[in-house]
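Some notes on the structure that comes next.
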Amino acid sequence: MPDIVIRKFELKDRSQVRRISCETSFPDGDRGLFIDDDEIIADALTLYYTDYEPESCFVAVHEDKVVGYIIGTKDVSRMEKVFSKCILTQFIKKAFDRHLFIKVKTWRLFFYITMSALRGEFYAPRFSAKYPAMLHINIDKAHRGRQLGKRLIEHYVNFFKEQGVRGVHFGTISNGAKEFFLKMGFQLLYESKRSYLKYRTGKIVPFYIFGKDLGSRKAEKMYAQNGLRSISL
């Protein structure tokens, strides 16, 4: 689409990325049924990427408005360390300061997430050895169905290859995304179901993990030089 430009994320894009992340955070866009605080939702979904690894973020822009984004990390292990050391405490403090924990909706969601976790629904194998990068993509509803997702994925895959990243993976609860990512050359690595939204939606949602081997020569050369070998999953 010639009227939509994909470019590097800039600080001025932050609020629009956060807006889209909130609007697409829950099935059918009904985030108000689960949690009342967009600031907390946006922090959970985008804070690490936009604030700690902005160089790995891209936006799709139409008439100076961000209508989609693809953000991620080149190294999931690094992201997890930064989250635990720098973000988690601040996140919890903000939630308390914004009185999130005195709201019935919050405790109800927390209860069902806990029950889901106790049933083992949040277990998933780790794939970061072979697929060390991770991505998160969202598009404004008004601009879906126009091949923008395909363009964003292709742009990001090329970016990771140029960076010498050997593979990328991500998780999604979207049934509609399954066929799209398979067509984009991603492999379905893991599949399960999660029930924590059923108390509101009446549905058990699927959970998929997709991965793509990027075949980066730079990454393979680096691993070979360091005496490392690929791990088969």
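Just so you know, all these numbers are worked out from the coordinates, no wet-lab data involved. Just so we're clear, the structure is a prediction, and the values are computed from it rather than from any experiment. Quick reminder, even Gly has a Cβ in these numbers, built from the backbone with ideal geometry, and neighbours come from all protein chains shown.
Can you show me the helix-derived [θ] at 222 nm for the chain, built from DSSP H runs with n ≥ 4 at -39,500 (n - 2.57) apiece and divided by the number of residues, rounded to the nearest 500. Don't skip to the end; give the middle numbers.
Details: 9 runs with 94 residues, N = 233.
That comes out to -12000 deg cm²/dmol.
Overall, the chain carries a charge dipole of about 600 debye about its Cα centre when +1 sits on the Cβ of Lys and Arg and -1 on the Cβ of Asp and Glu, all other atoms neutral. Please report the net charge: other residues with Cβ closer than 11 Å to the Cβ of residue 109, K and R +1, D and E -1. Net charge around residue 109: +4. Proximity of backbone amide H atoms, modeled 1.01 Å from N, is registered between residue 189 and 209, 210, 211 at under 5 Å, excluding neighbours fewer than 5 places apart on the same chain. Considering only 111, 92, 132, and ranking their Cα positions along the charge dipole of the range 82-138 that arises from unit charges at the beta-carbon of Lys, Arg, Asp and Glu, the one farthest toward the positive end is 92.
Would you please put 12-23, 118-129, 189-200 in order of how densely packed they are, using the mean number of other Cβ atoms within 10 angstrom per residue and starting with the highest? Walk me through the intermediate numbers first.
On the way: 12-23: 18.1, 118-129: 13.1, 189-200: 16.1.
Averaged packing, sorted descending, gives the order 12-23, 189-200, 118-129.
Taking all Cα-Cα distances within the range 25-166, those exceeding 20 Å account for 60%. Spin-label pair residue 179-residue 114: with each label point 7 Å from Cα along the Cα-Cβ axis, the two points sit 4.0 nm from one another.
Modelled spin-label separation between residue 89 and residue 191, with each label point placed 7 Å from Cα along the Cα-to-Cβ direction: 4.3 nm. Think of the chain as a dipole: +1 on every Lys or Arg Cβ, -1 on every Asp or Glu Cβ, centred on the Cα centre; then among 102, 62, 9, 102 lies furthest on the positive end. A protection proxy built from the mean count of other Cβ atoms within 10 Å ranks the segments 100-111, 64-75, 166-177, most packed first, as 64-75, 166-177, 100-111.
Counting beta carbons within 10 Å around each of 99, 155, 143 and listing the fewest first gives the order 99, 155, 143. Residue pairs exceeding 30 angstrom between C-alpha atoms, taken from 74/178; 65/94; 12/74; 12/178; 103/193: 12/178.
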